[in-house]
Amino acid sequence: MTSILTLIFGVTPTTGVGTNLAYAALNKGLGTATHRLRGNIKWDIVVLLGVASVTTATTSILTLK
């Protein structure tokens, strides 16, 4: 989306990235809320993915530091 905004519509790259991030945050937030209300989320998997992500990110930062 950012490439289309920048190359075709002439929007500055920073505005394109900001617009893309704002739209994604709103869209994903509403999608998550809808799925939560309908009971479609398996929270045990969410917790496992969250723990793995934080662990991996921390290990990567410490390794690169």
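The values are calculated or read from the model by the stated rules, or taken from the named source; none is laboratory data. Being a predicted model, the structure only gives us computed values, none of them experimental. Glycine gets a Cβ as well: all are built from the backbone with ideal geometry, and neighbour counts include every protein chain shown. Accessible surface areas use protein heavy atoms only, side chains included; no ligands, DNA or RNA. Shrake-Rupley method; radii C 1.70, N 1.55, O 1.52, S 1.80 Å.
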_Count - residues of the range 22-36 that are open to solvent by less than 100 Å² (accessible area, probe 1.4 Å) and either among the β-branched types (Val, Ile, Thr) or over 30 Å from residue 4 (Cα atoms) (or both)_ = 2
*Across the range 37-48, which residue is surrounded by the most Cβ atoms within 10 Å (Cβ to Cβ) among those that are more than 17 Å from the chain's Cα centre (by Cα) and part of a helix (DSSP H, G or I)?*
48
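Here is a list: 14, 34. Which entry is modelled with pLDDT under 95 and of a type in the set (S, T, N, Q)?
Details: 34 fails: modelled with pLDDT under 95.
14 is the lone residue from the list that is modelled with pLDDT under 95 and of a type in the set (S, T, N, Q).
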*Please work out which one of (1) surrounded by fewer than 11 Cβ atoms within 10 Å (Cβ to Cβ); (2) of a type in the set (S, T, N, Q); (3) at pLDDT below 90 is the condition residue 60 fails and give its number.*
(3)
*Within the range 6-21, track down each residue that is open to solvent by less than 50 Å² (accessible area, probe 1.4 Å) and either more than 19 Å from the chain's Cα centre (by Cα) or in contact (Cβ under 8 Å) with a residue 24 or more places away in the chain (or both).*
6, 11
